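Contents: one structure, followed by commentary.
The values are calculated or read from the model by the stated rules, or taken from the named source; none is laboratory data. The structure displayed is predicted, hence computed values, not measured ones. We place every Cβ from the backbone using ideal geometry, glycine too, and count neighbours over all the protein chains shown.
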Ligand SMILES: Nc1ncnc2c1ncn2[C@@H]1O[C@H](COP(=O)(O)OP(=O)(O)O)[C@@H](O)[C@H]1O
Ligand SMILES: [Mg+2]
């Protein structure tokens, strides 16, 4: 059945194998088609929907793994070209290191500016890459060398850059143009860009004044299909000698609007709460939710401590309403003890920028469903 069994089949935060991965067959075929035709792709979807998972699943396809060298970087936490270069250099090195000694030799032969970081471990004689961010003195030179390396590799490379919109925040201001030029010059290296900030991603790829304008095929990732996800979850329970009620599965899907991470977190806990031979029913849901939220509590406190005193009441009011419409109406202000619609507007702006809240069709909601629940419980 499975190539191997893991303790809890609802995996969160990493890719194990297709056995524990739900669907995405069309999306995987779509990526393959683009790659087969030498096209670069951009995937746009809100956070936690499954962009990273899809890319990892795509890279794990035997035809892809065989034909390409695949590299994945998440640049969410980077703020400058040096950090970008550091992350990319490091990821390439990690990919090639286990392969062959001659590859590491070629790596440092081409990427000369990183060579000072190359050392042999005194005890084992194994090469180690001991380079800190500070040793990237000339990021532009290093990036040229990295691209030279990629282009000369034995196998063509696919480089996936997650949270790509982050480059628009870099300290230097010509980064989009610089990367666009480098990428355009590539003959055998392909790129997959993904990002969760729709507005920024669209601006990068779809506005005529931007360097990346129309340079890639863009696609929106949609939530997993309800019928497909519930069947997937049911099967995983069954494979481990457990069952789960259909009603509960549908409820979980609806509560998180099919957003993968939230569903997987809850399913993981529901699975843990169910003994072998038992049926998991609706009663278990509040317990699972409480347990999951407890594991996140310290990060919620941290988030809250970074929200200004003026933004907090607006955030609490939105959390309380679930979906808040008419946030500047007299009623909303009065019900929530808010002073003026202009102060609400500026609080909304700040909360949106920090991804604490998000726009819905008719108003606003707290971005993170679990955080929203935690706020309702505590404030
Ligand atoms: N198709 C899938 N089946 C099962 N789990 C998935 C699937 N796609 C993503 N996940 C899981 O859901 C969580 C969120 O997905 P992720 O790919 O990190 O989202 P994003 O990159 O869009 O923020 C991760 O823990 C991941 O393991
Ligand atoms: Mg991601």
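Regarding residue 46, is this residue surrounded by fewer than 19 Cβ atoms within 10 Å (Cβ to Cβ), within 30 Å of residue 225 (Cα to Cα) and either in contact (Cβ under 8 Å) with a residue 60 or more places away in the chain or more than 17 Å from the chain's Cα centre (by Cα) (or both)? Yes, satisfied. Residue-level check: of (1) within 16 Å of ligand 2 (Cβ to nearest atom); (2) under 18 Å from residue 223 (Cβ atoms); (3) in contact with a strand residue (DSSP E or B) (Cβ under 8 Å, 6 or more places away or on another chain), residue 71 misses just (2).
If you go through the stretch 160-180 one residue at a time, how many are outside any helix (DSSP H, G or I), touching a helix residue (DSSP H, G or I) at 6+ places or on another chain (Cβ under 7 Å) and more than 16 Å from ligand 1 (Cβ to nearest atom)? Residues meeting the conditions: 2.
Test residue 327 against the criterion of being out of contact with any strand residue (DSSP E or B) (no Cβ under 9 Å at 6 or more places or on another chain), at pLDDT below 95 and surrounded by 19 or more Cβ atoms within 10 Å (Cβ to Cβ), and give yes or no. So residue 327 does not fit the description; no. Checking the structure you have, find out if any residue of the stretch 58-65 is surrounded by fewer than 21 Cβ atoms within 10 Å (Cβ to Cβ) and within 13 Å of ligand 2 (Cβ to nearest atom). Checking the stretch 58-65: not a single residue is surrounded by fewer than 21 Cβ atoms within 10 Å (Cβ to Cβ) and within 13 Å of ligand 2 (Cβ to nearest atom). Yes or no: residue 297 modelled with pLDDT of 95 or more and surrounded by fewer than 11 Cβ atoms within 10 Å (Cβ to Cβ)? No.
Looking across the stretch 353-370, not a single residue is in contact with a strand residue (DSSP E or B) (Cβ under 7 Å, 6 or more places away or on another chain) and in a helix (DSSP H, G or I). Restricting attention to the stretch 282-296, does a residue exist that is outside the structural domain of residue 341 (by TED's automatic domain parsing), more than 26 Å from the chain's Cα centre (by Cα), in a loop (DSSP other than H, G, I, E, B) and farther than 24 Å from residue 52 by Cβ? Yes, the stretch 282-296 contains a residue that is outside the structural domain of residue 341 (by TED's automatic domain parsing), more than 26 Å from the chain's Cα centre (by Cα), in a loop (DSSP other than H, G, I, E, B) and farther than 24 Å from residue 52 by Cβ.
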